[in-house]
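See structure below.
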Amino acid sequence: MPQPGDELFQVRLEKLDRLRSKGIDPYPRNYDRSHMAKDALELFESEESIESDSDDSTQVSVAGRITAMRGLGKASFLDLLDGSGKIQGMLRRNTLGESYEILKDLDIGDWLGIKGPMFRTRTGEITVEVREFEVLAKSLRGLPEIFHGLTDTETRFRQRYLDLIANPEAREIAIMRSRAVSVIRRFMDGRDFIEVETPMLVPVAAGGMAHPFETHHNALNQDLFLRIATELYLKKLIVGGLERVYEIGRIFRNEGIDLNHNPEFTTMESYESFADYNDVMNMVEELVYTVATEVFGASVVEYGGETIDLTPPWPRLSLVEQIKLHSGIDILECPDTETLVTEMQAAGIDVSAATSWAGMVDKLLSDRVEPHLIQPCFLVDYPVAMSPLAKKKPEDDRIVERFEAFAAGMELANAFTELNDPVEQRSRFEDQELQRTQLPGEEWDRLDEDFLTAVEHGMPPTGGLGIGIDRLIMLLSGQQSIREVVLFPQLRAT
């Protein structure tokens, strides 16, 4: 709430009272709008190209937030901003009569509806000649200085509504993200996948290697977790005979916050019967290319000073070979933690926080390999220890059929040929549980008995995918912080 010394707030409260004293409802229920600003401008331009004897163009009713007001003499101009853009209105005292005085009680930030014909001013700007107007919402707080945009990062993320008002780019990203998700849905539907919904509150936080958020259900007197993945529930549907399924939804992981990570984020996970990771790779590169071209208009994007071409096919790069190339370490020749630690120290890599063998390989990947993966590519064939849900390669039981998609040095997707042998899957889960007790500070998957029971009923060969929507939008829109593409990112409490 405002403090007693907030004089500007008090002035606006007084204006609100004056509007009410004049019989004006400053917060009406609705408004009969005929056009968005963009549509009204296009209508005028189309009429302007046609010869007409009429003095008036078609009347329009537009509505939006006042972002500028100029002059309060015999005539005034104001700018209204709606979801499509800005339009100017001109109000004359001799046209509006006594209602013209209401303008004295309006401020930048108020919502207004205006009605009248359109014309071009002497400067060439298409303008509504206002013959009627209606106050739609009185704003009690001032807006940031819109001409220069809202630049304070903390304010932009904490009060995203101000960011959307002041910064056109923020609005464009929000709209493009929505369109991108729609394209993803159409793409998946076109491949005969069906969209499903799975639980967000789960008894076992399994299906990924992450620390979960915990909660408690009072009526059931049961501890639950926010899901860290949708994988296991979606694979239960594969067992049930739904051969192609996908889900777009929120995932929650109790992890750090940085440019690429937010504790809650959006993924699209899909599972396809009778497919393997090669089929999924083909689908991913086509999906990303389709979103880029349909929503952003090009398959080439600029990101962090790099020109990135998303056109398929993307190269398939061996994880083992890439680590060897960029660090000199052959991880398959270092089968235990001690040997790998020695090799990493010799290569000048900090292992002070090292725990498990898999954790150190992941550090090698993030420190030495990922920064080189600028053009889109698939890093393929991961060690079993890093991938408890993936099927082994027939020719090497140390390696599984897993890939991660990268571009601009950033992971975009993770996928497997899914492990469907219930006996081996149980053994892998049991090993994860053992590791979790021995190294509780590291991220491990969890044994889910209900999932194992489902797989014991028989799961067909399956290709699975998880693709990060937030990071995909970051890449395509050129934004280097996940906070720019999440409307309400998680922030430290003030």
Assigned charges on the beta-carbon of Lys, Arg, Asp, Glu; the chain dipole about Cα centre (debye)
2140 debye
At 1.4 Å probe size, put Asp163, Asp309 in order of accessible surface, largest to smallest.
Asp309, Asp163
Counting every Cα pair in region 120-254, what percent are over 17 Å apart?
77 percent
For region 269-309 versus region 201-220, the gap between their alpha-carbon centres in whole angstrom
31 Å
Taking alpha-carbon centroids only, region 6-31 lies from region 345-366 a number of Å equal to 62 Å
Quick one: how many Å² of His261 are accessible to a 1.4 Å probe, rounded to 10?
60 Å²
A 1.4 Å probe over the protein heavy atoms gives region 74-137 a carbon and sulfur accessible-area percentage of 50 percent
Accessible solvent surface per residue of the chain, calculated while the other protein chains remain in place, 1.4 angstrom probe, Å²:
48 Å²
Using a ≥ b ≥ c from the Cα gyration tensor of region 336-474 (square roots of the eigenvalues), is it rounded, prolate or oblate, where a/c under 1.5 gives rounded and otherwise the larger of a/b and b/c decides, a/b for prolate?
oblate
Rounded percent of accessible protein surface that carbon and sulfur make up, region 362-494, 1.4 Å probe:
49 percent
Dipole of the chain, positive end: most advanced residue of Val204, His372, Thr155 [Cβ charges, Cα centre]
Thr155
Applying a 10 Å radius around every beta-carbon, put 297-304, 76-83 in order of their mean neighbour count, most first.
76-83, 297-304
Roughly how many percent of the accessible protein surface of region 194-261 is carbon and sulfur, given a 1.4 Å probe and a whole-percent answer?
52 percent
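The values are calculated or read from the model by the stated rules, or taken from the named source; none is laboratory data. Quick caveat: nothing in here was measured; it's all calculated off a predicted structure. As a convention, Cβ positions derive from the backbone with ideal geometry for all residues, glycine included, and neighbour counts pool all protein chains shown. To get the accessible areas, we keep the full protein, side chains included, count just its heavy atoms, and leave off ligands, DNA and RNA. Shrake-Rupley method; radii C 1.70, N 1.55, O 1.52, S 1.80 Å.
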